[in-house]
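Structure, as structure tokens:
The values are calculated or read from the model by the stated rules, or taken from the named source; none is laboratory data. For clarity, every value in this text was computed on a predicted model and none was experimentally measured. So basically every Cβ, Gly included, is an ideal-geometry build from the backbone, and we count neighbours across all protein chains shown. For accessibility, only protein heavy atoms count, side chains too; no ligands or nucleic acids. Shrake-Rupley method; radii C 1.70, N 1.55, O 1.52, S 1.80 Å.
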Amino acid sequence: MRPETPKSLMLQLKPGKRKVVAIIGDLMIDRYLTGKVDRISPEAPVPVLVHSTDRAVAGGAANVAVNVNSLGCEARLVGAVGADVDAQDLRKILTDVGISAASLVVDPDRPTISKTRIVSGRQQFLRIDREFATKPSKEVQEKIVRIACAAILDADIVVLSDYAKGVFSDSVLKQIIGAAKAAGKLVLVDPKRRTFEAYRGADIIKPNVGELSIAAGLPCTTDVEVEAAAAAVMSQFDGALLVTRAESGMSLLRPGKSVFHFTTSALEVADVSGAGDTALAALAVSIAEGFSIEEATVLSNLAAGIAVGKLGTAIVSRTELNAAVARSETTVQHPGSLATLAEATEMAAAWRQKGERVVFTNGCFDLVHAGHVELLSSAAGSGDRLIVGLNSDASVRRLKGPTRPIQNETDRARIVGALRAVDLVVIFDEPTPMSLIDAISPDVLVKGADYAEDQVVGGDLVKARGGRVVLIPLVAGRSSTKIVERMQQ
């Protein structure tokens, strides 16, 4: 089956404590040495790179953690590093983005795994790996298990990022998966074993198509071949398979359930480094935040599509992912949704990334009449998406007196939101909508023509950011106040 991409999979900003994702696995630091190549060496037939910059980013399980953090959840990272400069740099990378490095176990006998890529433009010339792919000492393994079990207790979901670099011996895997299941936590695994028996007990395993082919001993080029290979390995463990298939997208396969094949969302492939980490992070975050596995797979696929469009090991933000969701919508989102300011800000950013112009207007809209409808219809025609700022009940009372509003803010929001022209409604309590305008940053600010342009709150800010102010003529004789007066008479 090839499902339509669902149209309402936005990751919402919710008040309160963030969901916690425990990530356990092989930690790495990815280094990029970049420069310009414009000649061949006279000493040997190799390009000469004139060095310009160096940068370092988190890799392996650490990259999963950084993406989890960027997607809006709290990352608890557990793994091993050496007693070296690479470990110091990796700790700084993590702490700079708000991820604790306290659970990184120091193994003095093994170096921190590093991958140094030599790059010019978008061309990678060489990669230098520094690693000992051997098992850590028994003492280090026991410490990893002890810290991992503590992290699992606080987590909403558990991710195992296995790069076959030594952290996950059979014993370590069994103990960690066992602890997670005993605690009732969902376990996701990015595998690197030739077969999947060691991951028994995990809920979802996310191999790439090459890893599935090796585990099954079968080709995995077509949908039919992937399904046959998945059936062949199902006896190796008792969970679901999410197979990443590069330009062919992803396939979700579960015992006794329908198979889903998801086409790729990548617009352009610049670099596949770390895309699997991003996909794993998005899958974990989505499930932790309450999405079904099918919905989480859609979001994981979209996140991977963003990652491969970036050069180098990539980090994908919640805003970027929501923008991709907006681009993937097959139908118009249900209009008029009541949103928080944070949600409206993210939606506005997503719409702008699609090339759509965001319009903002505001008012009390106590008794909606023809003048309101004309204003909102005209406002919507000034751009592509209309967000309406609605005065709260307290704000209306301050403006119009103790007998107003006639209708409460919830009813007013539902009525305004039901109009075809309106995409989002945001309630505000302040005397003016300035904070909304600043956060949403509309391309067009609309008010009635009873205002002069220099009187429109937020007009200067919108124009300073390259937007414009539009004044809509009023419909004569139409106002909520006059309707109330007639009713009283």
Given charges of +1 on the Cβ of Lys and Arg and -1 on the Cβ of Asp and Glu, with all other atoms neutral, how large is the dipole of the chain about its Cα centre, in debye to the nearest 20? 320 debye
16 Å Cα-Cα reach of K115 towards lysines, excluding residues that sit fewer than 8 places from it in its own chain: K165
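Could you please report the charge total around P136, scoring K, R as +1 and D, E as -1 over all other residues with beta-carbon less than 12 angstrom from its beta-carbon? Before the final figure, lay out each step's value.
On the way: positive: R110, K135, K138, K143, K165; negative: D26, D107, D109, E139, E142.
Around P136, the charge tally is 0.
Between D450 and S317, what length in nm is gained on full extension when 0.36 nm per residue of separation is reduced by their alpha carbon distance?
43.7 nm
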Solvent-accessible ranking of F260, F196, largest area first, probe 1.4 Å: F260, F196
Segment 30-89 - Debye-derived log10 I(q)/I(0), Cα point model, q = 0.13, 0.21, 0.23 Å⁻¹: -0.57, -0.88, -0.95
Distance from segment 349-399 to segment 180-245 (C-alpha centre basis), Å: 49 Å
Most positive-pole-ward Cα, L302, A281, S235, against dipole of segment 199-303 from beta carbon charges: S235
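State to the nearest 20 debye the size of the charge dipole of segment 119-211 about its Cα centre, where the only charges are +1 on K and R beta carbons and -1 on D and E beta carbons. List each step's numbers first, then the result.
Values: 16 positive and 12 negative charges, 43 e Å.
The dipole of segment 119-211 has a size of about 200 debye.
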Assuming R0 = 35 Å, can you tell me the calculated FRET efficiency for the pair K17 and K138, based on Cβ-Cβ distance, to the nearest 0.05? 0.45
Less than 16 Å from a label point 7 Å out along the Cα-to-Cβ axis of R468: which backbone N atoms in segment 417-456 qualify, by residue? 442-447, 453-454
Accessible area (Å², per residue) of the chain, counting only protein heavy atoms and a probe of 1.4 Å: 44 Å²
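Taking 0.36 nm per residue of sequence separation and subtracting the Cα-Cα distance, how much length would be gained by fully extending the chain between T195 and A231, in nm to one decimal? Display every interim value, and only then the final one.
Details: separation 36, 0.36 × 36 = 12.96 nm, distance 1.35 nm.
Extra length from T195 to A231 when fully extended: 11.6 nm.
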Just report the Cα centroid separation between segment 75-116 and segment 406-465, whole Å. 47 Å
Positive-end residue, segment 103-257 charge dipole about Cα centroid, Cβ charges, pick of L126, G256, I147: L126
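Restricting to the chain, compute how many DSSP beta bridges are antiparallel as a %, nearest 5. Don't skip to the answer; put the middle values down first.
Values: 27 of 77 bridges.
Given both bridge residues lie in the chain, the antiparallel proportion sits at roughly 35 percent.
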Could you rank the peptides 43-51, 84-92, 23-31, 109-117 by their average count of other C-beta atoms within 10 Å per residue, with the highest value first? 23-31, 109-117, 84-92, 43-51
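Given the Cα atoms of segment 112-212, and with Rh set as the inverse mean 1/r over their pairs in the Kirkwood sense, what is Rg to Rh to two decimals? All intermediate terms of the calculation are to be shown ahead of the outcome.
Working: Rg = 15.9 Å, Rh = 15.2 Å.
Checking Rg against Rh, the ratio lands at 1.04.
Per 0.36 nm of contour for each residue apart, how much would the distance between E294 and A182 grow if the chain were fully extended, relative to their Cα-Cα spacing? Don't skip to the answer; put the middle values down first.
Values: separation 112, 0.36 × 112 = 40.32 nm, distance 2.51 nm.
Computed gain between E294 and A182 is 37.8 nm.
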Which of the aspartates and glutamates could a cross-linker bridge to K143, judged by Cα under 14 Å and excluding same-chain residues fewer than eight apart? D107
Distance between modelled label sites at R357 and D129, nm, 7 Å Cα→Cβ extension: 5.3 nm
Peptides 458-466, 149-157: what's the order by average Cβ count within 10 Å, highest mean first? 149-157, 458-466
Using a simple spin-label model with points 7 Å from Cα along the Cα→Cβ vector, what separation in nm is obtained for D460 and V106? 5.5 nm
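Grab the beta carbon distance between E247 and V224, set R0 = 30 Å, and tell me the FRET efficiency rounded to 0.05. Provide the component values of the computation, followed by the final result.
Values: r = 18 Å, r/R0 = 0.58.
The value I calculate is 0.95.
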Answer label for Cα Rg over 2.2 N^0.38 Å (calculated), chosen among (i) 1.05; (ii) 1.17; (iii) 1.10: (ii)
As an exercise, use a Förster radius of 51 Å and the Cβ-Cβ distance of S435 and A44 to find the FRET efficiency, rounded to the nearest 0.05. 0.25
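Hey, got the dipole for segment 64-155? About the Cα centre, +1 on K and R Cβ, -1 on D and E Cβ, debye to the nearest 20?
280 debye
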Take each of the peptides 54-67, 212-225, 373-386, average the number of other beta-carbon atoms within 10 Å over its residues, and list them starting from the highest. 54-67, 373-386, 212-225
Hey, any idea what % of the chain's accessible area is carbon plus sulfur with a 1.4 Å probe? 53 percent
